[in-house]
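See below for the structure under consideration.
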Amino acid sequence: MRKTTIVCGLLAVFAATASANPVHFSTGAPDGKMAMATHPASSATAADENEAADDFILTDPVTDISHFTFTGLVPAGSSASEVAVEIYRVFPANSKNPPSGRVPTRTNSPADDALVVRDSATLELTFKQNTVASSFSALNSVSKGIHAQPNQTTGGEGAVSGTEVSFDVTLAKPIRLEAGHYFFVPQVKLSSGEFFWLSTPKPIGADGTPFTGDLQAWIRNSGLDPDWLRVGSDIVGGATPPTFNGAFAFDGTSSPFSIVPGITGAWFNQNQSGHGFQLEVLPGNLALMYWYTFDAAGNQAWIAGVGQITGNQATVPAVLVQGGRFPPNFDPTKITKPAWGTVTFTFSGCNAAHAEWTSTAAGFGNGGMDLTRLTQVDTLACP
């Protein structure tokens, strides 16, 4: 489905970053066990879209993906007229929760809505279709047999054969993603016939990039959307259902995260809702902090300061704001700001940070906690 959810972890345009390192990921070579139909709708009004998905994990703070390859089957003599690639988060991100209940499970499935969509039809990518083998067969396939429960298990639709092709996809603007778990969806519209994405072994073999947490391939059509089915466990089924990966690879660069104005907003620890930070990036690589919290006796405490930003860290010398009263009894001459200590924020991405503090004020002590973004400024992109 081409509906997308825009979040801070995505940047649609490339931004140069320091200390970039090359990144390569691959699921390995096709194993001939499964072929999954995946293609855009045949027209703007047609309800015949198929999406097949397989997952990958990024561990670096920021990764810019510039190139994909994927491998599948096309009928002899058929060529691609349109190629699209999509990125999904893992459910329940970007999804309605609880789900509809039309499928056996949504645990570890792709989300309802795509995080990123890039399409050759809108000039967001270019592609080359390369013949790998003039003839290749897969033992089983899924195309039309994608149904809500209780009719989800069909055993598959049998063997398919065709010309084995790979698609080299170059993005006009790299996709920037934070560390996390994602699904990749390739789609191909052909001049004739249907494109089938080929499977690779699960777990990933030595010719690929094995990783802990590898999930199986999922699929849906327009009728099942926004839900998904597991190709092996749900559709093929059996006493010991098979599991599959999809044949794809990508290349890009990774780099450390750097604080940008887009981190401005409210931040808190999800296990300690009721106190938190308001952070703002100021000109001159400065960070403004307000910490709305409490002292050891349970009294409200306002801790504030401005500090220097260096890379992904902000170190803020802080004061404890005291002596105020509610208007009209507020007297600015009564306000005192004794030194409180220092708070250091370390950001691993646009939505995740860690705060460490050292306090010289009585009753506060030293400590630390993880932080999650609560709000962001509407007009500020991140990163």
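Please treat every number below as a calculation from the coordinates, not as lab data. These numbers were taken from a predicted model, which means no experiment stands behind them. Neighbour counts are summed over all protein chains in view; Cβ atoms, including those assigned to glycine, are modelled from backbone coordinates with ideal geometry.
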| task | Just report the Cα centroid separation between the range 335-383 and the range 33-97, whole Å. | result | 39
| Which value in Å does the Kirkwood hydrodynamic radius of the chain take, with 1/r averaged over all unlike C-alpha pairs and then inverted? | 23.2
| remark: As a percent rounded to 5, the proportion of antiparallel DSSP bridges among beta bridges in the range 21-255 is 95
| query | Taking the mean number of other Cβ atoms within 10 Å as a proxy for protection, how do you rank 212-221, 322-331 from highest to lowest? | reply | 212-221, 322-331
| request: Count the lysine pairs in the chain whose Cα atoms lie under 23 Å apart, taking only pairs 8 or more positions apart in sequence or on different chains. | output: 11
| remark: Answer in debye to the nearest 20: the dipole magnitude of the chain about its Cα centre, from +1 Lys/Arg and -1 Asp/Glu charges placed on Cβ, is 680
| remark: Convex hull around the C-alpha positions of the range 261-373: the volume in Å³ per residue is 117
| said: With an 8 Å Cα cut-off and a minimum separation of 6 or more residues, compute the relative contact order for the chain in percent. | reply: 23
| Pairwise FRET efficiency - Thr358 versus Thr336, Cβ, R0 = 30 Å, nearest 0.05 | 0.90
| Can you give the relative contact order of the range 244-370 as a percent, counting alpha carbon pairs under 8 Å and 6+ residues apart? | 17
| query | Which FRET efficiency, nearest 0.05, do Ala148 and Ala20 yield, Cβ-Cβ r, R0 56 Å? | reply | 0.80
